[in-house]
Amino acid sequence: MQRKNRLGRVYLVIVFLVLYLPILYLIYFSFSSGSTMNTFKNFTWANYRTLFADTRLIQIVLQTLLLALLSSLIATVVGTMGALGIAASKRTSTRNLMLSLNNVLMVSPDVIIGASFLILFTMLGISLGFGSVLASHIAFSIPIVVLMVLPRIQEMDHALIDAAYDLGASAPQVLNRVILPFITPGIVAGYFMAFTYSLDDFAVTFFVTGNGFATLSVEIYSRARQGISLEINALSALMFVFALLLVLIYFFIQVHQSNRTKRNKQKARNAA
Amino acid sequence: MTTPIIEFQHVNKFFGDFQALKDINFQLDQGKFYSLLGPSGSGKTTILRTIAGFNSVTSGTVLFQGKPLKNVPPNKRRVNTIFQNYALFPHLNVFDNVAFGLSIRHVPKDEIQTRVMDALKMVHLQELASRDINELSGGQQQRVAIARAIINEPELLLLDEPLSALDKKLRQDMQYELRELQQRLGITFVFVTHDQEEALAMSDEIFVMDEGAILQNGTPVDIYDEPINHFVADFIGESNIVKGTMVKDYEVEFVGKRFECADAGMRPNEPVEVVLRPEDLDVTTPDKGKLIVQVDSQLFRGDHFEVVAYDADHNEWLIHSTNPVKEDADIGLFFEPEDIHVMRFNEKEADFDARLEQYEGE
């Protein structure tokens, strides 16, 4: 038993090393004064200084964030309405058809989606730039939101809706006061999924982006072709720390909430 | 005579090919406690949902205080429902759940505060106002559902098997509380249940339903003492049902003997079914008994012994006896003429009532 446990632990350590080593490697070299990642020379903040002086790169980071925030916001609104529509469709065959059409977009490769958007935009004569990238990000995020929100709607007891009508609520009030609060966890999850997909995306963006606009992934790719500069390492390090902070905050909120419910349940039991 | 609060006129309801309601006719008066009693699938919940407005009817008319309900949506009906699983809003706490109906109608904040606290006081939950719903026990959730429904001051409260999820002790307590609440508020209650004890204990009037039709309606005592047919007799309480023949008025023959009875108005020598309630059978010595049976087994039920015995024709007899009997012994069964209840085959409720009227009026 002891032995088995130790083996398991070793396995776990190896898995996490494989996952995190490349990132740690990048971060390590962000403090190197050399120009390549072959050997670590001297410790320096120089890479961070050049990063903060590189207004083009900072602007691209901000653009990427703005794009992600905006596209996931719009995709969440459209996707939530879509999920509500799918859930409300009376016939099972209609519902399955719509869900399948939604899933096809989820599984089809980014390259195909990107290429088809490029063809569409050129045919319609839409100039490539922020608008075209935004539109395509919204489009590939909607199915994700639908998939995150739909289970939450289906989980909902239909009697809750009946009860709301029974108590005098109109249809908009039922939506605002009962359905939306109930599916909010799904909407939030869908929003964050869409957000990360948008931040991540390279293939689709690469196709539909024009001269005036680039996202971080496209920019890093084009820079990497001329040999990667350690400035990118510094940027990666900062983004990694930022993500880590977000995860930690989320973790503490969760711990706090579950403690509160536990305390109240204990109180309820003591009272009874 | 005031207008009935709810009236069903020849109501039929189809779900596809399935007929859920078959020519339903009834009237409910203001301020009474009604029960719809029947096995699952008998159409009782369909009637409830029709009154609440979640179902439309295929044909027929439903009147609310004399006005047709057809085009009134659920949120405009002065009717509230207590759902089977309470359907409390999980994202709202106790106070906000109860306040839901008032805040929907933009009642001023301070009025909501006082009315919610009054409603919570009525169901003994005023201390738990700020609790989350999932922190409450089943009985407490039940009370929140009641408070949420009565705060809107409905004319009619619909209850869809609200006690079925509670344990037995709590269920009995809630029966008293619901009955008491109904009398205090003077609201008409329509209570759907498949539990005959619940219906007998609480109702002013019971509608017994099966397969989408109302078989019999009347006070609990009427229905228990004079069931219209085999189904009702069997469904309401325990009973011994044997085949017999109505020899003439006030004389019935079953298990090969003739007995004096209290029923009349049937054709001579008409085949009938005879009901004898287990608690109406008194155990006595074989020579004093009207019937002689052999004890097969007995169970101790706390307040009585439940005895199963067989007569010479192998009919099973269920007897509730206050004293234990010896197993395999022959015992006599004694009963009064009024304890015998005779049922005709396929008698309609209207004919049944008319016949009872005819000879009970004498």
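If we keep just the residues of region B:58-93 that are over 13 Å from B:I6 (Cβ atoms) and touching a Ser or Thr at 6+ places or on another chain (Cβ under 7 Å), which is farthest from the other protein chains (Cβ to nearest Cβ)?
The selected residue is B:N93.
Hey, does region A:149-157 have a residue that's away from every other protein chain (no Cβ under 14 Å) and closer than 22 Å to A:E219 by Cα?
no
Residues are listed down the side, and each one gets a yes or a no for (1) out of contact with any Pro (no Cβ under 8 Å at 6 or more places or on another chain); (2) outside the structural domain of B:A201 (by TED's automatic domain parsing); (3) at pLDDT 90 or above:
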{"site": "B:M1", "(1), (2), (3)": "yes, yes, no"}
{"site": "B:G16", "(1), (2), (3)": "yes, no, no"}
{"site": "B:F26", "(1), (2), (3)": "yes, no, yes"}
{"site": "B:L36", "(1), (2), (3)": "yes, no, yes"}
{"site": "B:V57", "(1), (2), (3)": "yes, no, yes"}
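B:D263 fails exactly one of the following numbered conditions: (1) touching a residue at least 40 places away in the same chain (Cβ under 8 Å); (2) outside any loop (DSSP other than H, G, I, E, B). What is the number of that condition?
(2)
Name the residues in region B:117-162 that are among the hydrophobic types (A, V, I, L, M, F, W, C), closer than 10 Å to B:V94 by Cα and assigned to a loop (DSSP other than H, G, I, E, B), would you?
Answer for region B:117-162, where residues must be among the hydrophobic types (A, V, I, L, M, F, W, C), closer than 10 Å to B:V94 by Cα and assigned to a loop (DSSP other than H, G, I, E, B): B:L125, B:A129, B:L136.
Sort through B:T50, B:T2, B:T81, B:T58 and tell me the only one that's buried (at least 18 other Cβ atoms within 10 Å of the Cβ), more than 17 Å from A:V178 (Cβ to Cβ) and out of contact with any Gly (no Cβ under 8 Å at 6 or more places or on another chain).
Matching residue, one of B:T50, B:T2, B:T81, B:T58: B:T50.
Return the total of residues in region A:13-33 being part of a helix (DSSP H, G or I) and in contact (Cβ under 8 Å) with a residue 24 or more places away in the chain. Spell out how you get there, then give the answer.
Keep residues of region A:13-33 that are part of a helix (DSSP H, G or I), which gives A:13-29.
Add one more test, that the residue is in contact (Cβ under 8 Å) with a residue 24 or more places away in the chain, and what stays is A:23, A:26-27, A:29.
Selection size over region A:13-33: 4.
Looking only at residues that are of a type outside the set (G, A, S), surrounded by fewer than 20 Cβ atoms within 10 Å (Cβ to Cβ) and more than 10 Å from chain A (Cβ to nearest Cβ) in region B:124-140, which one is farthest from B:E177 (Cα to Cα)?
Filtering region B:124-140 for residues that are of a type outside the set (G, A, S), surrounded by fewer than 20 Cβ atoms within 10 Å (Cβ to Cβ) and more than 10 Å from chain A (Cβ to nearest Cβ), the one farthest from B:E177 (Cα to Cα) comes out as B:I133.
Being out of contact with any Asp or Glu (no Cβ under 7 Å at 6 or more places or on another chain) and over 28 Å from B:D29 (Cβ atoms) narrows it down to one of B:N134, B:N152, so name that one.
One residue alone meets the criteria, B:N134.
Could you please give the count of residues in region B:179-208 that are under 9 Å from the mean Cα position of the chain (by Cα), part of a strand (DSSP E or B) and surrounded by 21 or more Cβ atoms within 10 Å (Cβ to Cβ)?
6
Only one of these is over 19 Å from the mean Cα position of the chain (by Cα) and either part of a helix (DSSP H, G or I) or not acidic (D, E) (or both): A:Q59, A:Q63. Name it. Let's see the steps before the verdict.
Values: A:Q63 fails: over 19 Å from the mean Cα position of the chain (by Cα).
Going through A:Q59, A:Q63 in turn, the sole match is A:Q59.
Return the only residue of A:V145, A:V178, A:V133 being crowded, with 17+ Cβ neighbours inside 10 Å, facing chain B (nearest Cβ under 9 Å), in contact with a helix residue (DSSP H, G or I) (Cβ under 7 Å, 6 or more places away or on another chain) and part of a helix (DSSP H, G or I).
Result of the check over A:V145, A:V178, A:V133: A:V178.
Take the residues of region B:157-178 that are of a type in the set (D, E, K, R) and free of Cβ contacts under 8 Å to residues at least 60 places away in the same chain: which is surrounded by the most Cβ atoms within 10 Å (Cβ to Cβ)? Working first, answer last.
Within region B:157-178, the first condition is being of a type in the set (D, E, K, R), and the residues that meet it are B:160-161, B:167-169, B:171, B:173, B:177.
Checking which are free of Cβ contacts under 8 Å to residues at least 60 places away in the same chain leaves us with B:167-169, B:171, B:173, B:177.
Working: B:D167: 9, B:K168: 8, B:K169: 9, B:R171: 18, B:D173: 13, B:E177: 16.
Going through the qualifying residues, I end up with B:R171.
Do the conditions hold for A:S258, that is, is it modelled with pLDDT under 90, over 30 Å from A:A88 (Cα atoms) and within 14 Å of chain B (Cβ to nearest Cβ)?
Judged against the criteria, A:S258 is a match.
Every residue in region B:64-74 that is over 23 Å from the mean Cα position of the chain (by Cα) and either buried (at least 18 other Cβ atoms within 10 Å of the Cβ) or in contact (Cβ under 8 Å) with a residue 40 or more places away in the chain (or both), please.
B:Q65, B:G66, B:L69, B:P74
When A:N5 is evaluated against the numbered criteria (1) surrounded by 10 or more Cβ atoms within 10 Å (Cβ to Cβ); (2) over 33 Å from the mean Cα position of the chain (by Cα), which criterion, by number, is the only one it fails?
In the conditions (1) surrounded by 10 or more Cβ atoms within 10 Å (Cβ to Cβ); (2) over 33 Å from the mean Cα position of the chain (by Cα), A:N5 misses (1) alone.
Just checking, does region B:315-327 include any residue being free of Cβ contacts under 8 Å to residues at least 12 places away in the same chain and at negative phi?
Checked against the condition, which is being free of Cβ contacts under 8 Å to residues at least 12 places away in the same chain and at negative phi, region B:315-327 yields no hits at all.
Report, by residue number, each residue of region B:97-114 that is within 10 Å of another protein chain (Cβ to nearest Cβ) and without any contact (Cβ under 8 Å) to a residue 40 or more places away in the chain.
B:S103, B:I104, B:R105 - these are the residues of region B:97-114 that are within 10 Å of another protein chain (Cβ to nearest Cβ) and without any contact (Cβ under 8 Å) to a residue 40 or more places away in the chain.
So which of A:R49, A:R6 ends up being modelled with pLDDT under 90 and assigned to a helix (DSSP H, G or I)?
A:R6
The values are calculated or read from the model by the stated rules, or taken from the named source; none is laboratory data. Not measured: the values here are computed from a predicted model. Using ideal geometry, Cβ is built from the backbone for each residue, glycine included, and neighbour counts are taken over all protein chains shown.
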